[in-house]
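Report on one structure; see the data block that follows.
None of the figures in this text is laboratory data; all of them are computed from the coordinates on show. Remember, predicted model here, so these are calculated numbers, not experimental data.
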């Protein structure tokens, strides 16, 4: 894993992005060379192609990210891969055509561009085929030793089993540290009295994960120190889950870890940059989305009686309440007794228009006004109603931490976890919200916005 702006990015994903960037940019040169035979002249003569190649690369990488082609946890087959490639390249052709129209200086030539476009598509298909085989190779994974065989260690085993080939970790075995109850596969427990440094060297271990709850006198501190001084990474379980799963697992973290670890920083510079980003993007989106919002409002008004906009009290930054705006997607008497209810799968209270605008996330567009006026940000934990906040704060530890940043239209929990409608879902989503609060940056915000496009395109987590 490589850490960019405190967000962990898998090394194999970075290499894939780099390789496919070279393929996309090189395809423009190859297309021009095949069409005009310009590749046989001096490199300086090809310099005018550089901005065109960079523009094409940036557009295609953005669209491929939005289509979910850089989601390592995606388990789709060949047909789904071709669908997503077809969508991203189809949209790429449309976007590039518009750019050629508004910025004629980017035009390569119709024949040269189409040749380059075809070469890029074939190159990406080839890179994807090789990448699938590459990530399945155990030789590329980090060989990991887990100290502990209890319930905490079992969480690691279940995580890696769930992620399958998407993980960059290969657990070589589990080392028991006393106790008679083992929650991991007994065949994977290392039955040895060999000193830890020698065991690590023999098994070619790259990192050690501490998954022991009670550490008083049970952990070989001096041996772990020797391993660390030999270049072996030693991780707390909380840090392991933060890196591998993009969340802070409540079962393994504690207040002292939160205090001593890096992150959870707040500052005027960061807040100012985020606010400027929100103002610029919200103003631009209001202009672009006004026709869609007008059509949605008309459809809601024609289908059912009641107001077009739904106003509801939510809890924002610093536990201050504000009124959130959404297009009404339910009938007007959805909560007749006045008691807040979680949304349900195939909720009967949702209207026909409401079902469509929920699936396409159009119902969230009025929240752009909340962003513009400063109650919300584009990216952040989703704001909850005061009734649920009060209840969940009493039941779930650290729930109040999510209110140290502005709530968002979309967030890390929204793109990483399905729609939540129970207290258990709220707990799982909090783990992702805590990761965002700890590591939030404009880089992570941009990643979340790209992944939100994927959620909209493929209708993930809709109720």
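Percent relative contact order of the chain, based on C-alpha pairs within less than 8 angstrom and at least six residues apart?
Numbers: 596 pairs, mean separation 61.8, N = 463.
For the chain, the relative contact order is 13 percent.
Pairwise Cα distances in the stretch 268-458 exceed 30 Å in 17 percent of cases. Scattering from the stretch 360-463 was approximated by placing one identical point on each alpha carbon and applying the Debye formula without solvent; log10 I(q)/I(0) at 0.09, 0.16, 0.17, 0.22 1/Å stands at -0.21, -0.69, -0.78, -1.32. Tell me what the chain gives for mean residue ellipticity at 222 nm when only DSSP H runs of n ≥ 4 count, each as -39,500 (n - 2.57), the sum divided by the residue total, rounded to 500 deg cm²/dmol. So the helix-based figure for the chain works out to -17000 deg cm²/dmol. Out of all DSSP beta bridges in the chain, what portion is antiparallel? Express it as a percent rounded to 5. Here the antiparallel bridges make up roughly 40 percent for the chain.
Of all the Cα-Cα pairs you can form in the stretch 55-130, what percent are over 21 Å apart?
Numbers: 780 of 2850 pairs.
So the pairs more than 21 Å apart make up 27 percent of the total in the stretch 55-130.
Rounded, prolate or oblate: pick one for the stretch 141-245, where a ≥ b ≥ c are the square roots of the eigenvalues of its C-alpha gyration tensor, a/c under 1.5 means rounded, and failing that, prolate if a/b is larger than b/c, else oblate. In terms of gyration-tensor shape, rounded.
Over the stretch 141-245, what is the mean sequence separation of C-alpha contacts under 8 Å (at least six apart), divided by residue count, expressed as relative contact order in percent? Don't jump to the answer; show the numbers that get you there.
Working: 150 pairs, mean separation 35.9, N = 105.
Relative contact order, the stretch 141-245: 34 percent.
Take every Cα-Cα pair in the stretch 2-135 and report what % of them are more than 25 Å apart.
Value for the stretch 2-135: 29 percent of Cα pairs lie more than 25 Å apart.
Stokes-Einstein at 37 °C, 0.692 mPa s, Kirkwood radius from Cα pairs: D for the chain in µm² s⁻¹? Spell out each step's value before the answer.
Values: Rh = 25.2 Å.
For these conditions, the coefficient is 130 µm²/s.
Counting only DSSP beta bridges with both residues in the stretch 268-458, what percent are antiparallel, rounded to the nearest 5?
Values: 8 of 10 bridges.
Around 80 percent antiparallel, to the nearest 5.
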